[in-house]
1. Output the number of the condition that L168 fails; it satisfies all remaining conditions of (1) exposed (fewer than 14 other Cβ atoms within 10 Å of the Cβ); (2) in contact (Cβ under 8 Å) with a residue 40 or more places away in the chain.
2. Within region 107-130, take every residue that is at pLDDT 80 or above and hydrophobic (A, V, I, L, M, F, W, C) and give me the one that is surrounded by the most Cβ atoms within 10 Å (Cβ to Cβ).
3. Cβ contacts < 6 Å: first residue closer than 17 Å to T76 by Cβ, restricted to region 133-147; second residue surrounded by fewer than 19 Cβ atoms within 10 Å (Cβ to Cβ) and modelled with pLDDT under 80, any location; separation 6+ or different chain. Result?
4. In the same structural domain as F348 (by TED's automatic domain parsing), crowded, with 24+ Cβ neighbours inside 10 Å, out of contact with any Phe, Trp or Tyr (no Cβ under 6 Å at 6 or more places or on another chain) and over 30 Å from L116 (Cβ atoms), is that true of F224?
5. Determine the pairs where a residue that is of a type in the set (F, W, Y), located within region 1-27, has a partner that is assigned to a helix (DSSP H, G or I) with Cβ atoms under 6 Å apart, the partner being 6 or more residues away or on another chain.
6. Does S314 fit the bill of being under 13 Å from the mean Cα position of the chain (by Cα) and farther than 29 Å from A25 by Cβ?
7. Tell me, which helices (runs of 4 or more DSSP H) wholly within region 1-120 include 1 or more residues that are touching a helix residue (DSSP H, G or I) at 6+ places or on another chain (Cβ under 7 Å), under 30 Å from V222 (Cβ atoms) and of a type in the set (D, E)?
8. Only one of (1) in contact (Cβ under 8 Å) with a residue 40 or more places away in the chain; (2) part of a loop (DSSP other than H, G, I, E, B) is not met by F288, so which one is it?
Amino acid sequence: MSNTGTWMQRIAQDWLVHTLTGSAAAVGITLALQFLPILLFGLYGGVLADRLDKRKLLLFTQSAMGLTGLLLAALTLTGNVNVYHVYALAFVLGLVTVVDNPTRQTFVSDIVGPDLLRNAVSLNSANFQSARIVGPAVAGVLISAVGSGWAFLFNGLSFLAPIAGLLLMRTGELNPARRAPRGKGQLREGLRYVGSRPELLWPVVLVGFIGTFGFNFPIWLVAFTDRIFLAEAGTYGLLNTLMAIGSLSGALLAARRGGSRMRFMVAAAGGFGALLMIAAAAPVFWVFALLMVPVGLIGMTFVISANTSLQMASDPAMRGRVISLFMMVFVGGTPIGGPLLGWLTDTFGPRLGILAGGLVCAAAALAVALILARIGGLRLKVDLRRGHRHLDFVPRAPAVGEVPREAARELPDETPEEAAARPRREENQHLSRTP
């Protein structure tokens, strides 16, 4: 119920800003202000999630988010709203989200325990995407009929549902992780923890690029609706609904997967960038609209794969800080990508704006794939023969004088000169034993 209200407010807020200003860049500024606090303070939210009672934290954050919706509704329904009110409330909502996001994400593990974590994260995303199907469609009709204010009012009241759910929980049946004790340097400790583990670091880097340059759909869909297809809020809501159908499908498919390999996550990121570039060239509305389904599916598959991989690979006592870093780079990059891509969209047109985002996403996926392959001792193999896999990563043959990784673990420490001379020494030993 609350997720439906949240999506209604997102659609109404984007359309209200566009109505007040007529600018895609203004929509980008709104997004930037909403996510700027996550970029600046996101890691502190993770420290609080690791240190404090998650259920009590969520009661506070959900109440505060409901109040921002009610205040925006009051301003809009009385006719006193202007774009600066929206900017200010978006910034306040971002401050609350700094604590809410990592707390809510890691609270899933407290509810179901580690064995069901992957499925629970996927089904939680499916819940969110189900609301994304209903919310934009209802918002589009509501905005066209009576205005944006009623969508804001519904969202503010909808937070009564999660608040009631949190209050009714039987706390004795939760599986709370061990809380991190209060101490100095916990922020730096979290950064060092991620930086020292490639299985955490490179997914976070890739998520940062995809979140900053790929998930700017409020800018692109508003601009395509208004400037390319010359349509109204109902069409904007329809495009969001079609994307949500794809996202829901991606969430349900992710729930069925038994594992999440790193190469699958990187491939999803590359496919997402490619689909954005294809959408940029869509000649007519129905082609663009149908493309929103696979865009949503692949995008959600990537996000869930990255989220669950990070949660399962991190220590429970560090999980809040790891997920806060994940959320910080995923949505905290919007203050950079939002205004930049909004300016590109306004100046050069919506098609070039979404094309630029897709190019950056595809390039980032390729770069991370090559880095991970090098770390893992792999190389890219191209095979154009029929019946063979055309592109694949295979073990890299060691260079002359280089020790294979498995053998290197068994060798004692030696100087570079001794390592270089080892192949000749081993050959001589073999010849001396040959009759």
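The values are calculated or read from the model by the stated rules, or taken from the named source; none is laboratory data. Worth saying up front: this structure is predicted, and the values here are computed from it rather than measured. Cβ placement follows ideal geometry from the backbone for every residue including glycine, while neighbour counts extend to all protein chains displayed.
1. For L168, the exception is condition (2).
2. Only one residue tops the list, namely F107.
3. The qualifying pairs are G140/G234; S144/G234.
4. Spelling it out, F224 is indeed in the same structural domain as F348 (by TED's automatic domain parsing), crowded, with 24+ Cβ neighbours inside 10 Å, out of contact with any Phe, Trp or Tyr (no Cβ under 6 Å at 6 or more places or on another chain) and over 30 Å from L116 (Cβ atoms).
5. Pairs that qualify, where the first residue is of a type in the set (F, W, Y) and the partner is assigned to a helix (DSSP H, G or I), are W7/A131; W7/R132; W7/G135; W7/P136; W15/I143; W15/A233.
6. So S314 does not fit the description; no.
7. Details: elements: 2-21, 24-51, 54-77, 83-112.
Hits in region 1-120: 2-21, 83-112.
8. For F288, the failing item is (2).
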